[in-house]
Amino acid sequence: MAVENNGNGVQIEVPKTCKAGVVVDEGPNFRVEVEDVPVPEPGPNDVLIRMNATGICYSDIHYMLMDLPLPPMSHFGVRSPGHEGAGVVVKLGSNVTNWKVGDRAGIKPAYDACFNCELCWTGKETHCDESPQIGLQFPGSYQQYILSPARYTQRIPDGVDDFTAGPIMCSGSTIYASIKESGLKPGDWAVFPGAGGGVGHMGVQLAKAMGMRVVGIDGGDEKKELCMKLGCDAFVDFTKVKDVAEEVVKITDGKGAHGVFVTATSASAYASAPMMTRIGGKVLCVGLPPAGTAVAGADPLLFVGKNLHIIGTKVGTLLDTQRALEFAARGLLKPIYEVFPLAKLPDAVEKLRSGKVAGRLVVDFNS
């Protein structure tokens with residue numbers, strides 16, 4: 001076991017192996033098992049991070065199910081998914097000068113970017129051709145010790161604990177980026193299909209903190225209680241309301257929403273979203289349905305008649321993630337989560353796969 005020193009007296013032991021949740025039998029019958037794996041060695045421009053917490057995101061499920069139009073994890077030699085982790089830097093690459101051993105750090109869905117193209121220069125680096133995905137093309141945050149390029153590692157501010165920071169690395173920054181892209185203003189109506197889920201419940205909080213009026217859409221009393229607690233002005237239960245879009249229009253002054261943020265992944269959520277908007281309204285595509293199962297759009301007559309905008313938004317950038325973390329540091333964004341010990345990571349994955357989660361699931365590597 002090596003001992004790393006940051007030059008200021010901070011010493012951290014780095015083991016040769018660590019625990020990791022790994023996928024077995026990729027595809028519809030996948031399962032996750034906890035195994036010992038080698039601790040990687042940082043390259044010259046990398047930092048080695050010891051995860052304290054990782055969120056469990058439905059994109060992980062997609063990768064393990066192989067139901068997105070992407071090469072499988074095994075194509076890249078990756079066994080551990082995960083892309084929203086928080087921990088501490090324990091080892092530095094030989095060229096790294098802007099991090100110290102002991103610094104708190106997080107990893108996001110995008111692993112890196114080239115920083116030398118138009119997309120990177122205009123704040124869209126997550127769309128860069130050289131922006132691979134951690135947990136798909138590189139080992140992800142289900143593995144306790146993972147590598148991250150020093151230049152694209154996220155700093156975690158004081159006052160934001162790891163169980164809060166982890167989910168914000170993906171869910172919080174992603175929905176922040178979508179709200180920013182929408183251009184909605186204080187007083188506008190923001191509607192969230194999937195409001196009680198991991199992404200949606202953070203969208204509710206951020207929209208409220210930005211002064212918007214918020215309508216949550218989800219199913220069941222538990223989701224309703226969560227959404228109203230987090231600041232929704234109204235809640236529509238799709239299991240009880242026959243015409244969800246009609247109900248949303250009634251709530252939103254009879255005109256419809258200024259923005260509908262589809263954080264759900266169902267075909268019905270995407271099909272009904274355009275019907276909820278007002279003239280000039282926007283539908284923001286956030287949730288990822290399995291390939292070929294949903295369509296975001298409507299009859300062209302509706303597009304014309306409503307001046308309708310359909311916008312796809314991706315995961316948050318470095319700056320988006322920083323902004324979302326700042327909301328958390330100010331007490332305005334508080335992920336609601338259930339904690340699982342590392343040994344129960346497979347159970348957490350199965351619970352999320354079943355769709356029975358309000359808020360987020362977080363794994364504690366230290367319990």
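No value in this document is a laboratory result; all are computed from the given coordinates. Everything numeric in this text was worked out from a predicted model, so none of it was measured. Every residue, glycine as well, gets a Cβ built from its backbone with ideal geometry; the counts of neighbours run over all protein chains shown.
At-a-glance table
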{"quantity": "Inter-probe distance in nm under a simple model that places probes 7 Å from Cα toward Cβ, at residue 155 and residue 209", "calculated": "1.9 nm"}
{"quantity": "Exposed trypsin sites (Lys or Arg not before Pro) absent: longest stretch of the chain, with sites in DSSP loops and at most 13 other Cβ within 10 Å deemed exposed", "calculated": "17-239"}
{"quantity": "Under 12 Å, Cβ to Cβ, from residue 112 - net charge with Lys/Arg +1 and Asp/Glu -1", "calculated": "-2"}
{"quantity": "Net length gained if the chain between residue 354 and residue 233 were fully extended (0.36 nm per residue, minus Cα distance)", "calculated": "40.7 nm"}
{"quantity": "Beta bridge orientation in the chain: antiparallel %, DSSP, nearest 5", "calculated": "60 percent"}
{"quantity": "Between region 226-274 and region 149-216, the alpha-carbon center distance in angstrom", "calculated": "18 Å"}
{"quantity": "GNM top mover of 129, 299, 60 - the chain, alpha-carbon springs below 10 Å", "calculated": "299"}
{"quantity": "Proximal charge balance of residue 186 [Cβ under 11 Å; K/R count +1, D/E count -1]", "calculated": "+2"}
{"quantity": "Rg/Rg_globular for region 173-312, with Rg_globular taken as 2.2 N^0.38 Å and Rg from C-alpha atoms", "calculated": "0.93"}
